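Since the structure comes first, as structure tokens, the remarks are kept for the end.
The values are calculated or read from the model by the stated rules, or taken from the named source; none is laboratory data. As the structure is a prediction and not an experimental result, all values here were calculated from the model. Glycine also receives a Cβ, built like all others from the backbone with ideal geometry; neighbour counts cover every protein chain displayed. Please note that ligands, DNA and RNA were not included when accessible areas were found on the heavy atoms of the full protein model with its side chains. Shrake-Rupley method; radii C 1.70, N 1.55, O 1.52, S 1.80 Å.
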Amino acid sequence: MIRLENINVTFGKGTETEVCALDIPALELFEGSWNNVIGPNGSGKSTLLKVICGQILSLEGKIFITGKNITGSGASKRFDYVQMIEQDPRNNTVASMTIEENLRLYAFRRGSPALSFLKSGSVAEIRKLLARFDMGLEDRLHSQAGLLSGGQRQAVAVAAVLLRNPKILLLDEFTAAIDPKTAPKLLNIVKQLAADFKITVIMVSHDLEQVINSGDRIFILSSGKVAEDIATASVKITKAELVAKYTRVLEEEGVL
Ligand code: ADP
Ligand code: MG
């Protein structure tokens, strides 16, 4: 459902600081699949997500979503089917607004088809969605987002993007700023929600525990390239095997 063809993103072209952030000849991600991305700092993980959500338009190559060439359309045009959650909870929700206001703000942005979801009687729907996170958020609709824990705040961000009915959800180290007890719990809930809503997910993570035996694929990026593409949907990989592959990539990169 997501197809990348001859993607190249080079920053500072022709200057001394020229860097090829992403170089992907061909990549296809299947509808409803969960795709994990790992790789050292600067390997192009965030750039890959930005390319898919339309934040980087100065690229070579083509992007297709469900067969449609969307290469030239920007982030606002893709907003109804691609959503991204960043690492820092403060970037995903507005601190001074309540949970309900954050959700409504999100659903109302850019003339939304999700509006029908929020018409009269829909507070019950919002509560039902928030209850899925098992954090008591459904009883705190009028609490300011800034008063919530990092984990709760990311949960609100996930709920907000789900209101848009996205086909694709991009998670950029979205649990990195959350305490180690809450992070796996939130991740499991997001996995269930993604499966229920049939969303295609790409999750960037630094946590090998999070990606091992979860989801359909693990990509290891290195210097903007896909160094490993490991199918984990049917054949499981052990943590030792993944660590060995990752270590080899880091060695080739000169990081180790
Ligand atoms: P990762 O998320 O894997 O840490 P990024 O995708 O953020 O890596 O960055 C990949 C490479 O591109 C890095 O070398 C980074 O410095 C460079 N880069 C990313 N964004 C920009 C930008 N806006 N301008 C210049 N260089 C950038
Ligand atoms: Mg990054």
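Counting only residues at least eight positions apart within a chain, or on another chain, the lysines with an alpha carbon under 25 Å from that of Lys239 are Lys45, Lys181, Lys185, Lys191, Lys225. Counting only the Cα atoms, region 1-61 fills a convex hull of 86 Å³ per residue. Out of every Cα pair in region 1-109, what percent are spaced more than 24 Å from each other? When all Cα pairs of region 1-109 are counted, 34 percent exceed 24 Å.
Can you pull the percent of the chain's accessible area that's carbon plus sulfur, 1.4 Å probe, other chains left in place? Provide the component values of the computation, followed by the final result.
Values: 6100 of 11970 Å².
Ligands and nucleic acids excluded, carbon and sulfur give 51 percent.
Taking every protein chain into account, the accessible area of the chain amounts to 47 square angstrom per residue (probe 1.4 Å).
Near Ile85, the amide H atoms lying under 5 Å from its own belong to Leu170, Leu171, Asp172; only residues 5 or more places off or on other chains count, and H is placed 1.01 Å from N. Evaluated at q = 0.18, 0.23, 0.29 Å⁻¹, a Debye calculation over the C-alpha positions of region 130-190 (equal weights, vacuum) places log10 I(q)/I(0) at -0.62, -1.02, -1.44.
The ratio of the alpha-carbon radius of gyration of region 146-243 to the globular-protein estimate 2.2 N^0.38 Å is 1.13.
Could you tell me whether the chain comes out rounded, prolate or oblate from its Cα gyration tensor? Rule is a ≥ b ≥ c as square roots of the eigenvalues, rounded for a/c under 1.5, then prolate if a/b exceeds b/c, otherwise oblate.
On the way: a/c = 1.83, a/b = 1.44, b/c = 1.27.
The shape class here is prolate.
Can you tell me the orientation of helix 150-162 relative to the chain, as the angle in degrees between its alpha-carbon axis and the longest Cα principal axis, to the nearest 10? The two axes meet at around 90 degrees.
Note on Ala131 and Ala95: their simple-model spin labels are 3.2 nm apart, each label 7 Å out from Cα toward Cβ.
For region 24-41, the Karplus equation 6.51 cos²θ - 1.76 cosθ + 1.60, evaluated at θ = phi - 60°, returns couplings of 10, x, 7, 8, 10, 10, 8, 4, x, 8, 10, 10, 9, 10, 10, x, x, 4 Hz by residue, with Gly and Pro reported as x.
Fully extending the segment from Ile230 to Lys77, taken as 0.36 nm per residue of separation minus the present Cα-Cα distance, adds 51.9 nm. For the pair Glu241 and Phe64, a Förster radius of 25 Å applied to the C-beta separation gives a FRET efficiency near 0.20, rounded to the nearest 0.05. Result for the chain in a Gaussian network model with C-alpha springs under 10 Å: among Glu209, Glu138, Glu228, the largest mean-square fluctuation is at Glu209.
Stretching the chain fully between Ala195 and Thr10 yields a gain of 63.2 nm (0.36 nm per residue, less the alpha carbon separation). Counted residue by residue at 0.36 nm each, then reduced by the alpha carbon distance between them, the extension gain from Leu256 to Ala177 reaches 25.9 nm.
Could you work out the relative contact order of the chain, using alpha carbon pairs under 8 angstrom and six or more residues apart, expressed as a whole percent?
Numbers: 461 pairs, mean separation 65.1, N = 256.
25 percent.
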